[in-house]
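Below is one structure; the comments refer to it alone.
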Amino acid sequence: MQILQPPAWAKPRGFSNGIAVRGGTTVYIAGQVGYTGQGEWREKGFAGQFRQALQNILEVLAEAGGRPEHLVRLTWYVLDKQEYLGAIKEVGAAYRELIGRHYPVMAVLQVGGLVEDAARLEIEATAVIPDAGAA
């Protein structure tokens, strides 16, 4: 995996501008919301739902033999930009706890609604698991 950072650009915080991957298995993970794998809503707030959605992504990724550092793209759909910004400290702490300091390419979009009425956000992911013997 190669992080793509044009030398004259300012270094991004919390994401990468681009990632190139050669070889490996690509894993596409459907949009995950803040309920458990059994469909139970344990959290109503943004930060708690974020943590659960990210945990869901990592559990699906693990089924393919992947780890957090194999994530190459996260796309977040949030209902309320201000709610997201208001929870940014908790979101950052949960991210670092679950993924560490690996920052894939990301986009955060504010949307008018999600299919799950209780959801405050939805996150979809793409990962590339290196071929055996690759770094």
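The values are calculated or read from the model by the stated rules, or taken from the named source; none is laboratory data. Keep in mind the model is a prediction, meaning the values are calculated, not measured. Here the Cβ positions follow ideal geometry from the backbone for every residue, glycine too, while neighbour counts run over all protein chains shown.
Residues in segment 18-47 that are in a loop (DSSP other than H, G, I, E, B), touching a strand residue (DSSP E or B) at 6+ places or on another chain (Cβ under 8 Å) and either among the hydrophobic types (A, V, I, L, M, F, W, C) or surrounded by 13 or more Cβ atoms within 10 Å (Cβ to Cβ) (or both): Val21, Gly24, Val33, Gly34. If I ask for residues that are farther than 21 Å from Tyr77 by Cα and surrounded by 13 or more Cβ atoms within 10 Å (Cβ to Cβ), which ones from segment 4-17 would you list? Answer for segment 4-17, where residues must be farther than 21 Å from Tyr77 by Cα and surrounded by 13 or more Cβ atoms within 10 Å (Cβ to Cβ): just Gln5. Within segment 46-72, residues that are on the phi > 0 side of the Ramachandran plot reach partners that are surrounded by fewer than 17 Cβ atoms within 10 Å (Cβ to Cβ) with beta carbons closer than 9 Å, at six or more positions or on different chains, in the pairs Gly65/Thr25.
Can you tell me which residue in segment 81-135 is farthest from the chain's Cα centre (by Cα), limited to those that are closer than 17 Å to Val27 by Cβ, not in a strand (DSSP E or B) and not aliphatic (A, V, I, L, M)? My answer is Asp131.
Can you say whether Thr36 is within 23 Å of Ala87 (Cβ to Cβ) and among the polar types (S, T, N, Q), as far as the supplied structure shows? When the stated conditions are applied, Thr36 passes them.
Quick one: is Leu74 outside any helix (DSSP H, G or I), modelled with pLDDT of 95 or more and not small (Gly, Ala, Ser)? Spell out how you get there, then give the answer.
Details: outside any helix (DSSP H, G or I): yes; modelled with pLDDT of 95 or more: yes; not small (Gly, Ala, Ser): yes.
It is true that Leu74 is outside any helix (DSSP H, G or I), modelled with pLDDT of 95 or more and not small (Gly, Ala, Ser).
For (1) of a type in the set (Val, Ile, Thr); (2) exposed (fewer than 14 other Cβ atoms within 10 Å of the Cβ); (3) out of contact with any Pro (no Cβ under 6 Å at 6 or more places or on another chain), each residue gets a yes or a no:
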site: Gln49; (1), (2), (3): no, no, yes
site: Val72; (1), (2), (3): yes, no, no
site: Glu97; (1), (2), (3): no, yes, yes
site: Tyr103; (1), (2), (3): no, no, yes
site: Ala107; (1), (2), (3): no, yes, yes
site: Ile123; (1), (2), (3): yes, no, yes
site: Ile129; (1), (2), (3): yes, no, yes
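Just checking, does segment 37-45 include any residue being without any contact (Cβ under 8 Å) to a residue 60 or more places away in the chain, under 16 Å from the mean Cα position of the chain (by Cα) and on the phi < 0 side of the Ramachandran plot? No, the conditions are met nowhere in segment 37-45. Which of the residues belonging to segment 101-135 are free of Cβ contacts under 8 Å to residues at least 40 places away in the same chain and over 23 Å from Gly65 (Cβ atoms)? Residues satisfying the conditions are Ala107, Val108, Leu109, Gln110, Val111, Gly112, Gly113, Val115, Asp117.
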